[in-house]
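Read the figures in this text as sums done on the coordinates, not as results from a lab. Remember, it's a predicted structure, so these values are computed and weren't measured experimentally. Reconstructed Cβ throughout: ideal geometry from the backbone, glycine too, with neighbour counts over all protein chains shown.
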Amino acid sequence: MPKSFGLRQTTRSIAAAVTCCLAVQLPGLAQVPGSASALEPAPIDPAQLAPAQPPAPALQPSQFGTVQTNPAQPQAAPAPSGSISSEYVLGPGDQVEISVFGYEEYTGSKVILPDGTITLPLIGSVPASQRTSDQLARDLTARLSPFLVNPAVTVSLSTLRPVVVNVAGEVQRPGPVQLRSLTTNTISNQVGSSTNNSVDRSPTISSALVEAGGVTQSADIRQVVVRRTLPGGNSTTSTINLWDALWSENAPPSLVLQDGDSLFVPRLEPGETLDRRLVARSSLAPDTIRVRVVGEVTRPGEVQVPPNSTISSAVAVAGGPTGDAKLSEVVYVRLNEEGQIDRQVIDLRNLTDNFQVQEGDVVIVPETRTSSVLDFVGRVLSPLNFLFNVFR
């Protein structure tokens, strides 16, 4: 065979191979008509970058017409009505978890900056403030769609920014309180699916009252007032009934507080009463109340007891009665709403009773050899008059 013929054959083979190589479209580059060297980024298919995965279950189209290729995950319980997942508005200082299935470079924790934005690769700065997590997930999906193939975006609120609320009225410690919530079960909003969970200790009315030390004995929790200043300078006022939630054992109203809100707990009108035992057993009550136990107890003085404690419980916290205690005629003294001192004698010989103590009560355990309990009470109360003057 002539050498020239072999050279021509080799040349044709090389040319064919080069032509085939040029005809193959490189991943990540889109061919632009009329241009042989287009550099515009095309949607990236995660299948080209990730290792082979086991066959996925049947594909389920989402409400936006895209197809999710991730295996089916266990569905979380739906969020209760009015939960923070649907109401909470993101703002500077909130921390969110962003996940885009198949694209690890877009997955991670982001803190909303003071200007109200977060930053992601390719799309840059994205407004996040004044949006819910669901709205942010939808916006990120729209912004990433030109670059990624069917992005499945999940936005989870992991840490709430500190919320400062002013609490006034019938609470133990009126003034500003700071509320901050950490999620143990994240609030998720995935485009095309329902994956909402609730947050532990979200900034609600109940949590604000707890931070303020709880409500007082004379608090009217049927008419808790919440005032909020709107962006335009106007304000809105809502009245919340927490009492109905206590006696009906339903969840309290889940109004989510925002930074700058004001709470006011009014005082009961004269003659009005609420079941103080029920309030004392609720989360609205303070953690402890102060009661003074004097007379024949091991450690006389002021003690701190839970708000639903009885007189016998207060005596036990004070070390219990001494051997000279006259338990058949224990006296407890209380300053009523009219500023007058009420006294009542009870029998604690079986160390049980149904009398619930209140903040500022005085329990007097007389001694056995006392001829007159009232005389003993008078001697004990003389140095304690200043305590009652505080309440006048």
- Simple label model, 7 Å out from Cα along Cβ direction - D287 to E359, nm: 1.5 nm
- Amide H neighbours of A128 at under 5 Å, excluding residues fewer than 5 places away on the same chain, with H built from the backbone geometry, are T117, I118
- Under the Karplus curve 6.51 cos²θ - 1.76 cosθ + 1.60, θ = phi - 60°, whole-Hz ³J(HN,Hα) for region 322-335, x wherever Gly or Pro sits: 7, x, 9, 6, 9, 6, 6, 9, 6, 10, 10, 10, 9, 8
- Message: Suppose the chain between T273 and S328 were pulled fully straight at 0.36 nm per residue; how much longer would it get relative to their current alpha carbon spacing?
- Response: 16.8 nm
- Query: Between T236 and V164, what length in nm is gained on full extension when 0.36 nm per residue of separation is reduced by their alpha carbon distance?
  - Reply: 24.2 nm
- Quick one: which residues, 5+ away or cross-chain, put their amide H under 5 Å from the amide H of T216? H built at 1.01 Å from N. V171, Q172
- Which residue, chosen from L144, Q130, L120, occupies the Cα position most advanced towards the positive end of the dipole of region 104-148, where the dipole is computed from +1 (Lys, Arg) and -1 (Asp, Glu) charges on Cβ about the Cα centre? Q130
